[in-house]
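To start, the structure itself, in structure tokens.
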Ligand code: M6R
């Protein structure tokens with residue numbers, strides 16, 4: 001049921017404070033005075049040691065699920081110290097890429113039934129890797145076929161566009177990173193800070209949802225555009241990809257997510273005074289680099305929409321000639337969860353303004369069970 005909402009996609013976007021709470025329930029353990037204490041992932045407890053001994057972790061998925069793993073990859077590398085590689089399931093199969101017994105292969109899938117991801121699972125199993133599932137569907141083929149796993153507990157998604165599963169997937173993978181790193185004293189402070197912000201995440205998502213009206217106004221300005229570019233980097237490279245995927249998938253507007261560090265290797269040629277560009281520049285270790293990207297895009301007369309941390313509008317747009325999306329700050333590895341929410345709202349409102357079917361975009365199925 002849609003309740004007070006007009007479309008399921010809209011409802012699921014607004015449900016994210018609750019879906020994230022459900023994803024973390026019983027897993028984020030609080031100690032005295034509500035201080036962060038640890039992470040409990042029941043489905044992995046007998047396998048964490050093996051994962052810690054892996055030579056490599058591979059994340060394997062498609063579409064939005066792939067993007068979620070990409071968003072969380074840096075913190076897995078940071079806290080586990082294990083090299084992480086990313087695989088789009090179909091590409092891994094096309095290449096028959098090497099997988100070894102010493103690898104841990106993590107399959108990320110909302111439905112747990114995606115044909116390519118499922119076939120990649122069979123392939124990884126036959127090569128002897130430890131296979132871990134991260135799915136939202138209890139009893140799904142991927143949940144049954146993996147050696148161990150974590151359920152998202154995000155509740156069902158009805159529209160074709162994945163929204164709340166995306167944010168829950170990132171939260172689960174961040175919790176996995178915390179669990180993998182919890183034998184290290186040197187990262188204790190960092191882990192505590194992440195756990196504290198995980199605890200506060202649902203209320204921060206509630207805050208960022210208040211941008212709905214602002215995103216609707218922005219969508220009204222962009223609705224007749226042909227194309228949208230989205231520049232992100234570091235933790236928010238995945239946010240750029242996921243924003244572009246959402247926009248093209250539901251609003252049928254061409255959109256491209258670009259890793260900002262690659263701008264001068266091609267994409268810069270597209271920039272002129274006509275094409276709208278979103279620059280994701282929230283505070284993290286890449287902020288100065290993103291500031292310089294913004295300046296270079298501005299020098300080419302780019303029509304900029306800058307996503308920045310609350311209070312940074314003046315710094316990120318001194319001439320006040322760009323549009324601003326200000327979002328609350330959280331630990332860098334959780335920022336992609338906050339940053340994607342207004343961009344999901346943008347995709348939603350663009351679609352309504354453009355008159356397309358929000359919950360059933362043309363040519364797409366919720367679960368891709370054929371290859
Ligand atoms: O069920 P899965 O997560 O395995 O599905 C993978 C993709 O088909 C899916 O994420 C798709 O990209 C989204 N529905 C897009 O919103």
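Exposure proxy ranking for 348, 66, based on other Cβ atoms within 10 angstrom of each Cβ and starting from the fewest, stands as 66, 348. Residue-normalised convex hull volume from the C-alpha trace of the stretch 231-371: 129 Å³ per residue. Put a dot 7 Å past the Cα of residue 296, heading toward its Cβ, do the same for residue 320, and the two dots end up 2.9 nm apart.
Sorted into 10 angstrom bins from 0, the C-alpha pair distances of the chain split as 5, 25, 34, 25, 10, 1 percent. Measuring max minus min along each principal axis, the C-alpha atoms of the stretch 71-200 give extents of 41, 37, 22 Å (largest first). Rounded to 0.05, the FRET efficiency of the residue 182 and residue 221 pair, given R0 = 35 Å and the Cβ-Cβ distance, is 0.15. Among 57, 99, 340, a tally of other beta-carbon atoms within 10 Å of each Cβ gives an order, fewest to most, of 99, 57, 340.
Quick check: residue separation of residue 357 and residue 313 times 0.36 nm, minus the Cα distance between them. What number comes out in nm?
This chain segment gains 12.4 nm when fully extended.
Relative contact order of the stretch 24-73: 19 percent, from C-alpha pairs under 8 Å at least 6 residues apart in sequence.
From the Cα gyration tensor of the stretch 56-106, with a ≥ b ≥ c the square roots of its eigenvalues, which class applies: rounded if a/c is under 1.5, or else prolate if a/b is larger than b/c, or else oblate?
Judged from the Cα gyration tensor, the stretch 56-106 comes out oblate (a/c at least 1.5, b/c at or above a/b).
Relative to the longest principal axis of the Cα atoms of the chain, the long axis of helix 237-246 makes an angle of roughly 70 degrees. You can think of it this way: the chain between residue 192 and residue 102 has 29.4 nm of extra reach, that is 0.36 nm per residue less the Cα-Cα gap. Model label sites at residue 210 and residue 18, defined 7 Å from Cα along the beta-carbon direction, differ in position by 2.1 nm. Calculate for the chain the 222 nm mean residue ellipticity that helices alone would give, adding -39,500 (n - 2.57) per DSSP H run of length 4 or more and normalising by residue count, nearest 500 deg cm²/dmol. The per-residue figure over the chain is -13000 deg cm²/dmol. Start at zero, step by 5 Å, and the Cα-Cα distances of the stretch 1-53 spread as 4, 16, 14, 16, 13, 12, 11, 9, 4, 1 percent across the bins. As a length-normalised measure over Cα pairs under 8 Å and 6 or more apart, the relative contact order of the stretch 305-364 settles at 25 percent. Distance from the C-alpha centroid of the stretch 141-216 to that of the stretch 80-103: 22 Å, rounded to the whole angstrom. What shape does the stretch 162-316 have by the C-alpha gyration tensor, where a ≥ b ≥ c are the square roots of the eigenvalues, rounded means a/c under 1.5, and otherwise prolate means a/b greater than b/c and oblate the rest? Prolate. Taking every C-alpha pair closer than 8 Å and separated by at least 6 residues, the mean separation divided by the residue count of the stretch 253-327 gives a relative contact order of 29 percent.
Quick one: helix 335-354 against the long Cα principal axis of the chain, what's the angle to the nearest 10°, folded into 0 to 90? Long axis of 335-354 versus the principal axis of the chain: about 50 degrees. Quick check: the angle from helix 164-180's long axis to the longest principal axis of the chain, C-alpha only, nearest 10 degrees? For 164-180 against the chain, the angle is about 50 degrees.
Residues 50, 23, 274 in ascending order of nearby Cβ atoms (within 10 Å, fewest first): 274, 50, 23.
Under 15 Å from a point placed 7 Å out from the Cα of residue 285 along the Cα-to-Cβ direction: which residues of the stretch 322-349 have their backbone N that close? It comes to 331-335, nothing else. The coefficient of translational diffusion for the stretch 6-130, derived via Stokes-Einstein from the alpha carbon Kirkwood radius under 4 °C and 1.567 mPa s, stands at 79 µm²/s. Rg then Dmax, both in Å and based on the Cα atoms of the stretch 284-331: 10.5, 32. A straight chain from residue 127 to residue 366 at 0.36 nm per residue would run longer than the Cα-Cα distance by 83.1 nm.
Read-outs: derived from the displayed coordinates by stated rules, not from any lab. This is a predicted model, so every value here is computed, not measured. Cβ atoms come from the backbone with ideal geometry, glycine included; neighbour counts cover every protein chain shown.
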